[in-house]
Amino acid sequence: QVQLVESRGGLVQTGGSLRVSCAASGRTFSSYSMGWFRQAPGKEREFVAAISRRAYITYYADSVKGRFTISRDNAKNTVYLQMNSLKPEDTDVYYCTAAYNKPPPTNLGEYDYWGQGTEVTVSS
């Protein structure tokens, strides 16, 4: 069992930056690939980024590639999502997620645990 707690999101202007983090507790953090998904009201939850257990591999959705960076600090049991050049269409609730003992998935069905979500709003 692992518990995931995202940091508070926020309101930023178009073109701005924001970093959200996710702190994990419970079983060994380095045993989990980590991911970020996002979801707007009435829409399906969509993949944003994922990182392997030792941070050797990262994946990004095409919509955020070159603007977002996922990273992790296994000593701090924390995964980060640095978001730059934000656009209004990035406005969503962002969810941290963990997949035990597997390569980083891009499919939400392969993840085992989810955080409660944090709201990010980008104003135009």
- Item | Per residue value of the accessible surface for the range 1-110 (all protein chains in place, 1.4 Å probe), Å² | 51
- What FRET efficiency would be calculated for the residue pair K65, V2, taking the C-beta separation as r and a Förster radius of 22 Å, to the nearest 0.05? 0.20
- Message: Run the simple label-point estimate for D112 and K43 please: 7 Å along Cα→C-beta, distance reported in nm.
- Response: 3.0
- Which stretch or stretches of the range 13-53 have amide N atoms under 20 Å from the point lying 7 Å from Y100's Cα along the Cα→Cβ direction? 23-36, 51-53
- Query: So which lysines pass the test for K43, namely a Cα distance under 23 Å, with those fewer than 8 places away in the same chain ruled out?
  - Reply: K65, K87
- Note on the structure: Excluding ligands, DNA and RNA, the carbon-plus-sulfur percentage of the accessible area of the chain with a 1.4 Å probe reads 45
- Largest-first ordering by accessible area, 1.4 Å probe, given options R38, R54: R54, R38
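The values are calculated or read from the model by the stated rules, or taken from the named source; none is laboratory data. Since we're looking at a predicted model, the values are computed, not measured. Cβ atoms come from the backbone with ideal geometry, glycine included; neighbour counts cover every protein chain shown. Please note that ligands, DNA and RNA were not included when accessible areas were found on the heavy atoms of the full protein model with its side chains. Shrake-Rupley method; radii C 1.70, N 1.55, O 1.52, S 1.80 Å.
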